[in-house]
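Asks: Questions regarding the structure given below will be posed in turn.
The values are calculated or read from the model by the stated rules, or taken from the named source; none is laboratory data. Keep in mind that what you see is a predicted model, and the values were worked out from it rather than measured. With ideal geometry, Cβ positions are generated from the backbone for all residues, glycine too; neighbour counts draw on all protein chains shown. SASA here: full protein model, heavy atoms, side chains in, ligands and nucleic acids out. Shrake-Rupley method; radii C 1.70, N 1.55, O 1.52, S 1.80 Å.
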Amino acid sequence: MNPVIETIDIHGAQLSRRGLLAGGGALVVGLGFLPDSAEAVPSGAALNPALLSSWIEIGADNTVLIRTGKSDFGQGTIYTAYRQIVAEELDLPFDAITRVVSADTDRTPDGGGTFGFLGDVNGDGMPNLRKVAAYTRQALLELAAQRLGVAKAQLSVTDGVVSGSGKHIRYGELVKDRNFRLTIPVKGSQTGFMGLAVEGNPPMKPVDAYKVIGKSFQNSAIVSKVTAKEMWVTNVKLPGMLHARMVHPATLGSTLVSAGQVDKAKFPNAQVIVKGNLVGVAAPDEWEAIQAARQVAAATKWSDWKGLPGQANLFHHLRNEADWRTATVTKGEKDKGDAASAMAGATKTFSAGYELPYMKHAPIGPTMALADVRPDGSVTVHTHTQNAQQLRSQIALMLGTDVNKVVVRTYAGAGHYGRSNGGNAGGEDEAVILSKQLGRPVRVQWMRADDLQWSTQSPAAYSDIKLGLDAGGKIVAYQADHYMPAMQDDRPIGAVLAGLPTPPAPDARNTLWDGWLYDTVPNLQERGHGTWQVGQKNSPLAVGLRDHAMRTPGQYQQNFPREAAISEAAALAGADAIQFRIDHAKDERLKDVLKRLREESGWQTRPAPNPRAAATGDVAVRGQGMSAMLRSGTYWACACQIAVTPASGAIVVEKVTVVVEPGIVVNPLQLKRQVEGGTMMGVSEALFEEVAFDQSGVSSRDWQSYPILKMADMPEVKVVLVHRPEVGTYGGGSEAANALASPAITAAFHDATGKPVRRLPLRPAYIKELLAA
C-alpha cells in the first residue's frame, strides 16, 4: 500500500511529507523545474533530493549542511558569506552551518561559474542559497504551526527555535523521524555557463533585523590549509595513476610533422601518446615523465608559423590592420545628446589614446588535472576549476558522450581569475585524452613555460577618448571608442590540438562593460568595437593569442582609459580630481564614496600637476591620483600616492586607499581581504605585467620574462568599507579593486611629473623614454 503524501504550497514551492523515518530525519530542499523550462533534471545528475545533491539539509540536531556549485578560489565566500546568508534567513547562529559541499558535479545542485557570488542567472543580486533558505524557513514555520497548533503569523524564530503562544520547538525536532521534501521552482541549465537560478519570491528577512550578516567571521578553509588538512588537487592520487607532461607545438600555428620517440634505455617506463597535434609523454614516475618529455620534445618536429604582429607592433596592428568590421558596434546604454556638435562648440577640447597590453592569469602553480576514463565510458576529472558543470559539458562534447557519464570533482588549488570561469584552465581535457588512450588514470601537470605560453590571457585593448569643456570647466561632451579582440575563448586547448569537438571560438563583439558614472554630462557617446583574436584566423590551429576573462573582465579595459582621461580633463580644467568627479555626478552613493575617499586618503585638494612636479633629476618626486568605478552594484573609489625617480624611471607606490560601498557588507573581514588582494594584483598589473610575444607565439616563459609584484614592492593599503544595509542588496566585492589601481597610478604619475602616461605597464625603461620625450 502506497503511503499518503501530504503536499503544501509554500509561496510557489511544494512541501511534501511521505511516511516516517526510524532515527535521524531531515528536511531536504531539492529541485523542481518550472513547467516552461526547456530542460528536465538529468537522470544521472544525482539530484534526487533524498540523496546528497540537495541545496540545504537540516538535521535532527539543528545543524545545517549547504551545497553550492560555486567553488572556492580563495575568496572564502562559500565558507563565510554563504553560511551567513543561510544562517540569517533561517534565524540560526553562524556555527549551525556545519558543513559546506561545493563544486562537485555529482554532489551539488546549481552549477554556474565562480563569479557573481552574490547574484544569480536572473541578475537580481539574489544568491540562490538566500532564496532557498527563505523557502526553507517558510516551510519550517508551516510545520511548526501544525505541530504547535499556533497560527503561522504568530510564530517567531530565534537560534533555530520556533516559538509562539508560550510553546516552542527546535527545527531539529520538526524534522526528526520524518521525511520532508521541499521542491522549489528553478530555471536555467545546470551545465550552462551561468548555471541554474532559483525562481519565485519567498519572504526575505528584513535587513533591519539582521544579526549575522554584517559581522566578521573567520574563513574556516584557512585553518584546514595552514594545518595541512586541506586536500589540494596536486595531492590527489588514484591507483595505477600515470604522470604526464605535454609537448606543445613549437608555435601557435605549428602542426605536427613527426613526434620524437622515447629513449627506452634512459626512460624504460615512459611512452609517447599522439593524437592529431597533441603530444604527451606518460610514465609511472613523475620525474621520469618530465625527463622523457624533454627528450621527446627535442626530437619532435613541427611546421613553422609566423602569423602574429609581434609585441612591438601590437598596437600598430590593432589600429591599422585588424578588421573591426567583423562585429556589430556596441552602443552605450546612457548615450544622449549630440557629442560631436557639442565638442565642436567646446571652449577646450581633449583627445588621447590609451593602451593596455596582454596580461596573464599566471597562477603561482601551473594548471594540473587528473582524469580517469573507465572502460564503461564513465569519466571522472579531479581538478581546480571555476565552473565544474561547464567543464563537464565540454568533456562530454569532446568525447561525444552523454554529459551524465562525466563527473568533475573540484579541490583547492592555485588561484587564477576568470581563466577557468568557462570550465577549463588548460590541463583537464589533455588528461582526459591521455587517460582514454592509455586506459589508466593520468595526471597532467603543465610546466611553467607551458602555462605562460599556452594558457589564455586577458585581452589587449586600446581606446580613443575625446571630451570637451565649457568656459566653466565642466564637461559638455564625451566620446569614447573602445577596441578589444574577442574575449571569452572557452575552447579546451588539448581538444583543439587533437582535432576533437569544442565549443565555438568566441564572438568578436565587444560589450560596453563600464557603467557611466558622470550623469551631469549632457552629451555622451560610447562605442565598443570588436574583432577576432590576434592570429586566430591565419593559424592552422585556429588559436592565435587566445583571450579570456580575467578579474574585472572587459570593464578594466574600458575603465582605465575613461578614468585616466577624466583625471586629465580635471587637470585641463584646473580642478581637483575628486571634486571634478563629484561635480559631474548625480548619484548620491557615488558622491558619498568620493567624499569618503578624500577624507580617508589624506588627499590634497588641488589641481594636478603638483606644484613641485619634475620630469628630470635623480630626486624622487611625489604625486597623487584617483579613480572610481561602479561594478556589480558596488561603488568603488581609489587613491594612490606614488614616488617617481625620473633619472631611473623607478616608480614606488607608497599608499593605496580604497573605499568600497556594496550596499550590504556581508562579512567585513572577508571583503577587506578581497580588496587588499585585488589591490595588490592591480599594482602588479600597472607596474610590471605584460605578455611578451614574437611573430610565432608567447615568449614569456618564467617570472623573469613575465615579472609580477614582489613583497618588497607592496604598498601600504587602507581599505574603507561603507556598510549601507538600507540599500537592500548585496553588491559584488571580489572584483574592481585590481582595475582601480592602474588609472589612479597613471594619474599620480602625471601629478608627480607633469607628463601624462597612457599605456601600461609602467616599467622603468618605458618611463625613462616617456620623460625624455
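Asks: Note down the nm distance, to one decimal, between modelled labels 7 Å out along Cα→Cβ at S648 and at R612.
Replies: 1.9 nm
Asks: Counting only trypsin sites (Lys or Arg not before Pro) that sit in a DSSP loop (anything but H, G, I, E, B) with at most 12 other Cβ atoms within 10 Å, what is the longest stretch of the chain containing none of them?
Replies: Result for the longest clean stretch: 326-585.
Asks: What accessible surface, in Å², does a 1.4 Å probe find on D587, ignoring ligands, DNA and RNA and rounding to the nearest 10?
Replies: Rounded to the nearest 10, the figure is 50 Å².
Asks: For the stretch 604-617, just list the computed ³J(HN,Hα) in residue order, Karplus coefficients 6.51, -1.76 and 1.60, θ = phi - 60°, integers in Hz, with x standing in for Gly and Pro.
Replies: Those phi angles translate into 8, 6, 5, x, 9, x, 4, x, 9, 4, 8, 10, 9, x Hz.
Asks: With Cβ to Cβ distances under 11 Å as the rule, what net charge do the other residues near P202 carry (K, R +1; D, E -1)?
Replies: +2
Asks: Same structure, new question: For G74, what is the net charge nearby, where nearby means another residue's Cβ is under 11 Å from its Cβ and Lys, Arg count +1, Asp, Glu -1?
Replies: Neighbourhood net charge equals +1.
Asks: Using helices alone, I'd like the mean residue ellipticity at 222 nm for the chain: each DSSP H run of four-plus residues gives -39500 (n - 2.57), total over residue count, nearest 500.
Replies: Result for the chain, helices only: -7500 deg cm²/dmol.
Asks: Then there's this: Quick one: what are the phi-derived ³J(HN,Hα) couplings along the stretch 292-304, Karplus 6.51/-1.76/1.60 with θ = phi - 60°, whole Hz, x for glycine and proline?
Replies: Going residue by residue, I get 5, 4, 5, 5, 5, 4, 5, 9, 7, 10, 10, 6, 8 Hz, with x marking Gly and Pro.
Asks: Which residues' amide hydrogens lie under 5 Å from the amide hydrogen of K718, considering only partners 5 or more residues apart or on another chain, with H built in the peptide plane?
Replies: Amide H neighbours of K718, under 5 Å, 5+ apart: V656, T657, V658.
Asks: Same structure again: Can you run phi through the Karplus equation (6.51, -1.76, 1.60; θ = phi - 60°) for the stretch 201-212 and list ³J(HN,Hα) in whole Hz, with x for Gly and Pro?
Replies: Karplus-based 3J(HN,Hα) across the stretch 201-212 equals 9, x, x, 9, 5, x, 5, 6, 9, 5, 10, 9 Hz.
Asks: Once amide H atoms are placed 1.01 Å from N in the peptide plane, what residues at a sequence separation of 5 or more from R701, or on another chain, have their amide H within under 5 Å of its amide H?
Replies: Correct list: Y706.
Asks: Keeping every protein chain present and rolling a 1.4 Å probe, give me the accessible area per residue for the chain in Å².
Replies: Averaged over the residues of the chain, the accessible area is 37 Å².
Asks: Quick check for me: using +1 on Lys/Arg Cβ and -1 on Asp/Glu Cβ, what's the dipole size of the chain about its Cα centre, in debye to the nearest 20?
Replies: Around 680 debye, computed over the chain.
Asks: Suppose the chain between N313 and K264 were pulled fully straight at 0.36 nm per residue; how much longer would it get relative to their current alpha carbon spacing?
Replies: 13.1 nm
Asks: Could you work out how far apart the two model spin labels at R448 and K768 are, taking each label as a point 7 Å from the Cα in the direction of the beta carbon, and quote it in nm?
Replies: According to this spin-label approximation, the distance is 2.5 nm.
Asks: Is the C-alpha gyration tensor of the stretch 320-463 telling us rounded, prolate or oblate? Criteria: a/c under 1.5 is rounded; beyond that, a/b larger than b/c is prolate, otherwise oblate.
Replies: prolate
Asks: Here's something else I'd like to know. Placing +1 on the Cβ of each Lys and Arg and -1 on the Cβ of each Asp and Glu in the chain, which of N235, T401, G544 has its Cα farthest towards the positive end of the resulting dipole?
Replies: Projecting each Cα onto the dipole axis, the largest value belongs to N235.
Asks: Would you be so kind as to identify which of A639, S684, Y706 lies farthest towards the positive end of the dipole of the stretch 626-773, taking Lys and Arg as +1 and Asp and Glu as -1 on Cβ and the Cα centre as origin?
Replies: Final value for the positive-end residue is A639.
Asks: Check which residues have an amide H placed less than 5 Å from T367's amide H, if you skip close sequence neighbours.
Replies: Close amide H contacts, sequence-distant or interchain: W446.
Asks: Further question: Rounded, prolate or oblate for the stretch 587-772? Axes are the square roots of the Cα gyration tensor eigenvalues, ordered a ≥ b ≥ c, and the cut-off for rounded is a/c under 1.5.
Replies: Since a/c reaches 1.5 but b/c is at least a/b, the shape of the stretch 587-772 is classed as oblate.
Asks: Here's a follow-up. What number comes out for the charge environment of S165, summing +1 per Lys or Arg and -1 per Asp or Glu over other residues with Cβ under 15 Å away?
Replies: +3
Asks: Once you sort the root eigenvalues of the Cα gyration tensor of the stretch 248-365 as a ≥ b ≥ c, which label holds: rounded (a/c under 1.5), prolate (a/b larger than b/c) or oblate (the other case)?
Replies: Verdict is prolate for the stretch 248-365.
Asks: So between K176 and L669, what do we pick up on full extension, going 0.36 nm a residue minus the alpha carbon distance?
Replies: 173.9 nm
Asks: A further question follows. How far apart, in nm, are the 7 Å Cα→Cβ label points at T227 and V257?
Replies: My value for the distance between the label points is 5.8 nm.
Asks: Also, I was wondering about something else. Tell me the carbon and sulfur percent of the accessible area for the chain, rounded to whole percent, probe radius 1.4 Å.
Replies: It is 51 percent, rounded to a whole number.
Asks: Another one. What length, rounded to one decimal in nm, is gained on full extension from K755 through to S216, with 0.36 nm per residue of separation minus their alpha-carbon distance?
Replies: 189.7 nm
Asks: To the nearest 0.05, what FRET efficiency results for S351 and R589 with a Förster distance of 25 Å applied to their C-beta separation?
Replies: The value I calculate is 0.20.
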